[in-house]
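K.L.:
The structure's right below; bear with me while I get my questions together.
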Amino acid sequence: QVQLVESGGGLVQAGGSLRLSCAFSGRPFSTYAMGWFRQAPGKEREFVAVISWTGSNSHYTDSVSGRFTISRDNAKNTVYLQMNSLKPEDTGVYYCAASINIHTAPREYDYWGQGTQVTVSS
């Protein structure tokens, strides 16, 4: 059974940084593209970033490009999201998810973590 467990969320001031981690288990990690999504209160879940199986390709939503970096360590079955220059509008629950291919639509992802809260104060 596939499990994804996020960690690393918290409260940070605007301009600060956080690093999220997502531990994957239950199937061969290197066969999945991994994505990060977020959901703010009252809003739909939105795509943040995705990384390919080997880590050679990645894609970001425009609002985080240049501030966030997605990476993965296939030896540790873990994907990361380094978030710098955080803004209040980055606040939300952050989810990691696994998909067979690189996608930006939540419906294309097969497995999801439980989420970790990120709150950015102004």
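The values are calculated or read from the model by the stated rules, or taken from the named source; none is laboratory data. No experiment lies behind these values; they were computed from the predicted model shown. With ideal geometry, Cβ positions are generated from the backbone for all residues, glycine too; neighbour counts draw on all protein chains shown. What goes into the accessible areas is simple: the full protein's heavy atoms, side chains included, and nothing from ligands, DNA or RNA. Shrake-Rupley method; radii C 1.70, N 1.55, O 1.52, S 1.80 Å.
Results for (1) over 12 Å from Asp90 (Cα atoms); (2) open to solvent by less than 20 Å² (accessible area, probe 1.4 Å); (3) within 13 Å of the chain's Cα centre (by Cα), shown as yes or no for each residue.
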| site | (1), (2), (3) |
| --- | --- |
| Val5 | yes, no, yes |
| Phe24 | yes, yes, yes |
| Phe29 | yes, yes, no |
| Gly35 | yes, yes, yes |
| Pro41 | no, no, no |
| Thr54 | yes, no, no |
| Ile70 | yes, yes, yes |
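K.L.:
What pairs come up if the first residue lies in the stretch 45-60 and is under 14 Å from Tyr32 (Cα atoms), the second is in a strand (DSSP E or B) and open to solvent by 80 Å² or more (accessible area, probe 1.4 Å), and their beta carbons are under 6 Å apart, counting only those six or more places apart or on different chains?
P.N.:
Val50/His59
K.L.:
Among the residues of the stretch 73-90, write down those that are under 11 Å from the mean Cα position of the chain (by Cα) and either under 19 Å from Ala40 (Cα atoms) or basic (Lys, Arg) (or both).
P.N.:
Leu81, Gln82, Met83
K.L.:
Which ones in the stretch 75-92 are open to solvent by less than 60 Å² (accessible area, probe 1.4 Å) and either touching a helix residue (DSSP H, G or I) at 6+ places or on another chain (Cβ under 9 Å) or part of a loop (DSSP other than H, G, I, E, B) (or both)?
P.N.:
Asn77, Thr78, Val79, Met83, Asn84, Leu86, Thr91, listed by residue number.
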